[in-house]
Amino acid sequence: MSRTFTASELSMYDGSDGDKPVYIAVKGIVYDVSAARDFYGKGGPYEIFAGRECSRALAIMKVDLAACNDNLADCTAQQLKTLEDWITKFNSKYAMVGKLAHEGCKSQVDDPTMFLRSSPFTPGLVATLVVVVLLTILGAYILYLEIKSSPHGEL
Ligand code: HEM
């Protein structure tokens, strides 16, 4: 299993083309599930898993497109055990054909504004900080001018 698939390359093997094999990825390992087209092919009960990383869906036992990703951060020990059981099954049943390239957390990268939204530096806070810094500099300058203009060079 030498090939590395990007998410979009993997999506080519979603079972929609009858001439191509059907692949799914679990924890970054790509399996050829063509032998089970009844499950994963078009119209099958698990077709949404085809051409996708579906670790989360398998862990939380949901046939749900929104769960077709590798986010296991909030999974319980039981859910992680469920996922390991799936992996044991896939390892014994299907051939591994490659790995999924690690492209970071897709949902975050797809939405660049999330970095702004998740930052503690909201525009209001930044504006306040800028005003505070400017007032401090102004105050220091006024103090400096007063010291300079006082008769003995000091207050
Ligand atoms: C009413 C609920 C469900 C029933 C009755 C059901 C039934 C089945 C049956 C009979 C099989 C074939 C098993 C085999 O021949 O090895 C199967 C396979 C499968 N089920 Fe379900 N299932 C249900 C819910 C789910 C859910 C919620 C998931 C979500 C992860 C799921 C994921 C799968 C997968 C991935 C396979 C294919 C496994 C393989 O590739 O061998 N199932 N299911």
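Summary table below
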{"quantity": "Restricting region 19-75 to residues that are basic (Lys, Arg) and touching a residue at least 12 places away in the same chain (Cβ under 8 Å), the residue that is farthest from the ligand (Cβ to nearest atom)", "calculated": "Lys42"}
{"quantity": "Those helices (runs of 4 or more DSSP H) lying entirely in region 82-151 with at least 2 residues within 17 Å of the chain's Cα centre (by Cα) and either modelled with pLDDT under 95 or surrounded by 10 or more Cβ atoms within 10 Å (Cβ to Cβ) (or both)", "calculated": "106-109, 113-118"}
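The values are calculated or read from the model by the stated rules, or taken from the named source; none is laboratory data. Note that the structure is a prediction, hence the values are computed from the model and not measured. Cβ sites come from the backbone with ideal geometry, for glycine too, and all protein chains shown count toward neighbours.
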